[in-house]
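Beneath this line is the structure, given in structure tokens, with notes to follow.
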Amino acid sequence: MTNSMNDIRHSRCIFMIGSNAAEAHPVSLQHILYAKEVNGAPLIVVDPRFTKLAAKATEYVRIRPGTDTAFLMGLINYIIENDWHDKEFIRTRVAGFEEMRKVAAHYTPEVVEEITGVPKDQLARVAKLLATHRPGTVIWCMGITQHHIGSSNTRACCILQLVLGNMGVSGGGTNIFRGHDNVQGATDVCVLSHSLPAYYGLKEGSWKHWCKVWGVDFEWIKGRFHSKEYVHKKGFTLARWYEGVIQEDKITQYTPIRAVVFWGCASNSQSQYHKLKKALDKLDLVVIIDPFPTTTAAMCEKDNVYLLPSTSQYETEGSVTSSSRQAQWRYKVVDPLYESKTDYEIMEEFVKRFGFADKFYKNIKKVPEDVTREIARGALTIGLCGWLPERIKKHTDNWHTFDVDTLQAKGGPCDGEYYGLPWPCWTETHPGTPILYDISKPVTKGGLPFRARFGTEYTYPDGRKESLLAAPGVANPGSEVMGGYPEFPGWKTDINVIREALKRGMAPFGNGRARCYCWNFPDPVPVHREPLHSPRPDLIKKYPTYPDKPDHYRVYTRFASEQKPELVKEFPLILITGRMVEHMGGGAETRSNKYLAELAPEMYAEVNVKVANDHGIREGDYMWIESPEGGRIKVKAKITDRVDERTIFLPFHFGGYFMGKSFAGNYPEELVPYALGEPANIVTNYGYDIITQIQGTKEGLCRIKKA
Amino acid sequence: MKKALALGLTTVLWPVLAAGADILRPYGPVSPVEVFRKLNGLLLDAWPDEGRAFMEFITSFNVYYLYLALGLLGVFLLHYFVFGPRKIVHRGEKVPYYGFFTRFVHWGAAVSMTLLVLSGLAVLFAKALGGGSLVMGLRSVHVGAAFIFVIFAVFLFLALVKDMFPAPYDLKWFLVLGGYLSRRTRPVPAGKFNAGQKLWFWVGTAGGLVMFYTGYKLYQFTAPVSYLREVLKIHLYLGLAVLGLFLIHLYMSVIAVKGALQSMLTGYKDIEEVAVMHPKFYEKLRLKG
Amino acid sequence: MARMKFLCDIERCIACNGCVVACKEGHQLPVGVNRRRVVIINEGKPGERSISIACMHCSDAPCIAVCPVGAIYQREDGIVLVNKDICIGCGYCFMACPFGAPQFPRGNAFGARGAMDKCTFCAGGPAPTFSEKERRLYGQNRIAEGKVPLCAGMCSTKALLAGDSAVIADIFRERVARRGSGIAWGWSKAYKE
């Protein structure tokens, strides 16, 4: 999120695409509905499904799954055509606008209607709403990201906000709602395979920086890897790790995967679950660290599972990072129950047995405070330098002194600081940055320009040269340079450079322009590409996907070779997945809660009344849903108008059944969740993002029949 | 006061908020009036039509039971002292009247029925008993007794039904009120069972089954609320009839007709009694020899 | 004296069921007993609305009128409570209630209904305040602690308002004035003044 949940209260327009915040982020609706009521802000909801959020919308746009980029580019084009774009903002702070504009010109209202199914009048109305209600916020979630063009979708959202000049202002911004209270924190410390913590990447310099922070020898670290190549090679992703075991797609790793550790991770949230299950039954070792015996444990039919009971969040403590980049201290409420151990203890036991405890705990004498301190010392790129445990605790203890609208403390021990020190919080005295890229405030008071990440100048393919630094006269108040400036050399690894920059009133990462044209992406400007499994074979030729990618996070990933126009004949219905408000993620915790299980006891599929009648299915009937990959699930039909006549919706929280068979007997005695059901992801389709490899669960195909 | 009124039915329509009003119209406009109406339909259900009437019914119905019980008590006393119990001189000759099975199911039904009546009255007049766990316990007795009663009632029905069909002379029996309003003993028009017994039989068994069904619905308590209200009404009205006949039966068999209780215990009736009280049946016996 | 009331703003309610779960967890209610519930109209269609409903703590409460043992009573602040030591579980109150508020957990003998259970406005019951008996029979007594009921405290969108009727009516009226629409559903039915 560039802004914060609370800042949505200042929005004059709320544009939500691919988000069902009413179910996934109920508390955020407090701020959204406040803006809707107090500011008269239109609430525009773009979604293939009439969600509980759409019920609160002033404008609901039903869109064909997987065509978000086309719709967004259509909006951008319509806004530019009508001269509603923020010309001054674009002149001073945006790069590649002309190149983007040429691409966007293709997406006329007629073309957009053809691709997305959104009537052109509605596109025009939405564009006008966006143009006449500024600042507006753009909010999205997994409905935007979980596509094979997810990265293009997200960029199209960003470009829309740049064109409207809604970036860096209160009430504007691109706001991506993260899941639970520490998803942002998990991203920041990068529990991912492609980078070291805080987005440093895997280059030698990155390793050396972190080795310095950890106080270990880089050569020693290197020696832990199979070969030098793997030190810098991106690993498998969560979406496709199981290919490292079953190798149905060719892998580029010296060995297949033999063991897997699920540490607070629900396997049933990964697509093509039936293949993942195959991997579970082939692995030598499956370790599950969780407060609950998860679906994963029940699915393993081979005797290869170890369950390590960990504590819940209430039995341990530490810092967590909210969706709005704010840190909070989560205190312990009760001592660990039964034989469960905290994650820290489990990690310590592992480290001791692996024999590098001396190195691992070099800077850590007291858990978890020293861990937070180490993160603060290392994560300079996102400015976690000011996140000292004492400060975070002080904020949490004095939360009542902060203003609900501005998040700033008025008086008290945190006077002038923003709640949770939203990063970047550059130094021990920095108040945090509540709104990213806001040049109305001095950098030392929470202001920032756009980052000058990609140099100072670029020559586009047509020969046009453009400066990548902000225009003269545009900088934060108090900046020594009133205009664009490049990044300070060495700021990512040396806190003193950051201090120096701040002393001069400047941002350590420079004052650049936001790019509409990303030359390092396969599509420099986002373009529509039909889903791999497209229900519109006639459009595949015009909007084909990418060529196959042979080494995509160590596994061959099909794009063009997977896109078959004839597939829709056999699998005529579109399959999308999403959340229910009663359950969370894989549901291990919530399905084991009797009250939540009482409210949402059963797995179901939402089916439109026409589809149901065509297939002879009545409300509550069991039906089979089959995927092109051979996955099939038996679920109850819920007949509803929420979905349209070509779409099936599945909630993905369930587990404990597999292709019609109950696995309840595989749970430890007396620990069977109250609510069991087929995992929706057994039938989610093949398809992964070209850059991040996120699974494309919101654009598959399926067929149904009465069970 | 005004506040509450203004709030109670605030149905202001969407106002024109800004100049661009046409683009601000709500998606899928649904008038607040319609929302109000739908919520009423879903949540209040039949309450607006039935609620008040139900409240009046339930708060005033207990007294009917009281009136009935006290009224009957008065009638019995009056009858006892004015006409006295029926005593028939007997010479000792006895005829078999009730088989063992009949007596067994009769007493099974009688005991469970007595429990039902007593526990039912306890629920109705719970306030006098102070409510709480005592009455809650008696409610459980009511439920338990009902399951026992219904089994006996079915067999009692099967055992006696062949003699319980209405006959033309039953009307006459009612006209002379079974001859009970007289000190003199004269034959009354009745078969093996008189019209009063027949009435009691049908109310007790068939009515008992209705009582069981309605009671079961109230025990389950899962039916729609307006159905429950109806069911409760039936249970209470029919209960009134059962109570009345139960008390009359009790008075007649134990006090008013000497020997009646004895015959249900032993199975034999005095021949004279049969001749007077059940002459049609007596003729049949005589024909048979 | 303040008059306690509930008001659910249906333009704000998102049917998240947070109030329901907060109530059940907070008072440790048995499964099947719903002191509060959320109902949706026009589900999946334009015009979808939802409302959270519990005992409205009516003036002239029908349940009090029909209770054959006088187990239900109204406090001075309008909160309607049941005395489980007196209640006989007859169910008349359920049949008289316009809102379906009274609940009946299964008792022991023959599975007959136990004493009636309903929303207490988080004000405990007739047992001594903060006693173990009060907690066991009626749940928490947050009103005595000076806190709002759990459901309203938990409400993610502040749709559910609970407290002094003058205050919550002001909050709601302000919202209605700002956005131009709103229904205080149930108020005309439940409250007389």
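No lab work stands behind these numbers, since they all come straight from the coordinates. Remember, predicted model here, so these are calculated numbers, not experimental data. Cβ sites come from the backbone with ideal geometry, for glycine too, and all protein chains shown count toward neighbours.
Side notes on the structure shown:
- Alpha carbon centroid spacing (whole Å) that separates the range C:69-102 from the range B:69-108: 45
- Cross-link pairs exceeding 26 Å in C-alpha to C-alpha distance, out of A:52/C:192; B:172/B:269; A:569/A:698; A:352/A:492, comprise A:52/C:192; A:352/A:492.
- Of the trypsin sites (Lys or Arg not before Pro) found in the range A:610-657, those in coil by DSSP whose Cβ has at most 14 other Cβ atoms within 10 Å are A:618.
- The orientation-averaged shadow of the Cα convex hull for chain B, equal to a quarter of the hull surface, comes to 24.0 nm².
- Averaging the Cα positions of each part gives two centres, and for the range A:259-288 and the range A:115-154 these lie 35 Å apart.
- Projected label distance in nm at residue B:56 and residue B:102, using a 7 Å step from Cα toward the beta-carbon: 4.7
- For the peptides A:241-249, B:92-100, the ranking by mean Cβ contacts within 10 Å, running from highest to lowest, is A:241-249, B:92-100.
- Averaged over the residues of peptide A:104-113, the number of Cβ atoms from other protein chains lying within 10 Å of each residue's Cβ is 0.
- Extension gain from residue C:77 to residue C:133, taking 0.36 nm per residue of separation minus the Cα-Cα distance: 17.9 nm
- As a calculated quantity, the FRET efficiency between residue A:705 and residue A:248 at R0 = 35 Å, using C-beta atoms, amounts to about 0.85.
- Chain B, relative contact order [Cα under 8 Å, separation at least 6], %: 26
- Taken residue by residue and averaged, Cβ atoms of other chains lying within 10 Å of the Cβ of C:171-178 number 4.
- Relative contact order, percent, chain A [alpha-carbon distance under 8 Å, six or more residues apart]: 15
- The range B:108-197: trypsin sites (Lys or Arg not before Pro) in DSSP loop, at most 10 other beta carbons within 10 Å: B:183, B:184
- What you get for the protein assembly as shown, charging only the Cβ of Lys and Arg (+1) and of Asp and Glu (-1), is a dipole of about 3120 debye around the Cα centre.
- For the range A:558-706: Kirkwood Rh in Å [reciprocal of mean 1/r, alpha carbons]: 16.0
- Averaged over residues, the count of other Cβ atoms within 10 Å places the peptides A:356-369, A:498-511, A:447-460 in the sequence A:498-511, A:447-460, A:356-369, highest first.
- Between the range A:333-405 and the range C:25-42, the alpha-carbon center distance in angstrom: 38
- Cross-link table A:365/A:393; A:638/A:705; B:87/B:192; A:277/A:541, entries beyond 25 Å C-alpha to C-alpha: A:277/A:541
- Listed by chain and number, the lysines whose alpha-carbon sits under 20 Å from that of residue A:445, ignoring those within fewer than 8 places in the same chain, are A:394, A:410, A:503.
- Using the alpha carbons alone, the radius of gyration of the range B:123-261 stands to its Kirkwood radius in an Rg to Rh ratio of 1.04.
- Where only alpha carbons of the protein assembly as shown are counted, the Rg and the Dmax (Å): 38.2, 136
- For the range A:562-662, GluC sites (Glu not before Pro) meeting the loop criterion (DSSP other than H, G, I, E, B) and having at most 16 other Cβ atoms within 10 Å: A:566, A:602, A:619, A:645.
- Charged-residue dipole, Cβ positions (Lys, Arg, Asp, Glu), the range C:1-135 about Cα centre, Debye nearest 20: 200
- Under a model in which nothing but the beta-carbon of Lys, Arg (+1) and Asp, Glu (-1) is charged, chain A shows a dipole of about 980 debye around its Cα centre.
- Taking chain C as a whole, the Cys residues whose C-beta sits 4.7 Å or farther from every other Cys C-beta are C:8, C:13, C:16, C:23, C:58, C:67, C:87, C:90, C:97, C:122, C:155.
- Residue A:552 long-range amide H proximity, modeled H, under 5 Å: A:557
- With the simple model of a label 7 Å out from the Cα in the direction of the Cβ, residue B:162 to residue B:68 spans 3.3 nm.
- Spin-label pair residue A:362/residue C:166, simplified geometry with 7 Å Cα→Cβ offset, distance in nm: 6.8
- Between helix C:18-27 and chain C: long-axis angle, C-alpha atoms, 0 to 90°, nearest 10: 20
- Average partner coverage of C:150-158, which counts Cβ from other chains inside 10 Å: 3
- Peptides A:12-22, C:60-70, A:523-533 ranked from most to least packed give A:12-22, A:523-533, C:60-70, packing being the mean of other C-beta atoms within 10 angstrom over each peptide's residues.
- Quotient of C-alpha Rg and 2.2 N^0.38 Å, computed over the range C:4-190: 1.02
- On Cα atoms only, tilt of C:165-179 relative to the major axis of chain C in degrees: 30
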